[in-house]
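All remarks here apply to the structure that follows.
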Amino acid sequence: MHDAGGCVLSGPLQRPMRIAVVGAGMAGLTFTRALEGAGGRARLLERAEALDSPRISGDIRVPDAGAVLVELGVHGRDIARLRAAAHTADPDYWPQQGLLLLLARGLRPGTLQLSSRVESVHHGKCGGLFCRLQGGELLGPYDLVVGAHGQFLTYDTPSLPAGLAGVAPGGRRTDSLLTVVGDARWVRRRGWDLGTARRARGANTAMLDGLELAQRVLAAAPAVGVERLKPKLGRYEAPAPRRPFYALLRASPRPSRDGYVRAALAAAGLAAACATLCAGALVGRADAQSG
């Protein structure tokens, strides 16, 4: 059976779901590890040339990292070794680079594709999502694309209803989904709070997001198609149309009035604290001179 555009309209998928993940951070790596641990497959696209970048250093707050690693099947010896490499005794903090490398080490060969900067995600003529890389290489089609790109998004996305399952522009049928996890989801649902909440639990939320989304994908029986997955997406559904996100300023919804008020109060508090410190310093200096 064909549609007006000559595309074959098939029934439920008789093959595993084709999945691409954009971004090899905490969310992307956790999702991919969980998926592969249950027999699934995905292609993980990362724009960096290596995960052991010197820019990634120090400890990061991830209170649930131990539990997530156990859930992913990471050996206890490797978890203990990573825990011992932390620079603090606080169990909530883990070595950031070591955690990323440990997650990546368990991936199947060929899953992680480095130096792959995604410039756009769009629908093919006969459905499915394609990822266009910098340089023009086209990857796909995919049934599911997981946006785990962090706070800053530099690629264009389809202008289709949230979740993207249903009909593509021009009336073409498409059974494909776009989801967001971790910081990519965070910037879609929050106004500005000066980043305090994100810094406190951003990496932890990313790992939990990746694990939960993988569990939802697996529970939806991917072999029968994405139509069973869409109702399970919930908070992981991609943004609505007419709000394509090219970078952080376009990715975030317009701050609400409460968001502006919170930002103004925080700025006023910071200014008052600085004024108090300066006044104290001047008084101390005057007392020293008079004495």
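All of the numbers you see were taken from the coordinates with simple rules; none came from a lab. As the structure is a computational prediction, the values presented were derived from the model and not from experiment. Neighbour counts run over all protein chains shown; Cβ positions are idealised from the backbone, glycine included.
Compute the relative contact order of the range 21-107 as a whole-number percentage, counting only Cα pairs closer than 8 Å that sit 6 or more residues apart in sequence. Let's see the in-between values first.
Values: 93 pairs, mean separation 31.4, N = 87.
36 percent.
Quote to one decimal, in nm, the extra length available between residue 268 and residue 235 on full extension: 0.36 nm per residue of separation minus the C-alpha distance between them.
Values: separation 33, 0.36 × 33 = 11.88 nm, distance 3.34 nm.
Working it through step by step, the gained length comes to 8.5 nm.
If I model a spin label as a point 7 Å beyond the Cα along the Cα-Cβ vector, how far apart are those points for residue 88 and residue 279 in nm?
Using points 7 Å along Cα→Cβ, the separation is 3.3 nm.
So for the pair residue 107, residue 134, with labels modelled 7 Å out along Cα→Cβ, what separation do we get in nm?
Calculated label separation equals 1.7 nm.
Would you pull out the residues with amide H under 5 Å of residue 21's amide H, same chain only if 5 or more places away, H placed 1.01 Å from N?
Excluding prolines and chain starts, which carry no amide H, the hits are 43, 44, 45, 146.
Using only Cα atoms, locate the centre of the range 111-151 and the centre of the range 11-52, then give the distance between them in Å, rounded to an integer.
Going from one Cα centre to the other spans 12 Å.
Put a dot 7 Å past each Cα toward the Cβ at residue 79 and residue 55; how far apart are the dots in nm?
3.1 nm
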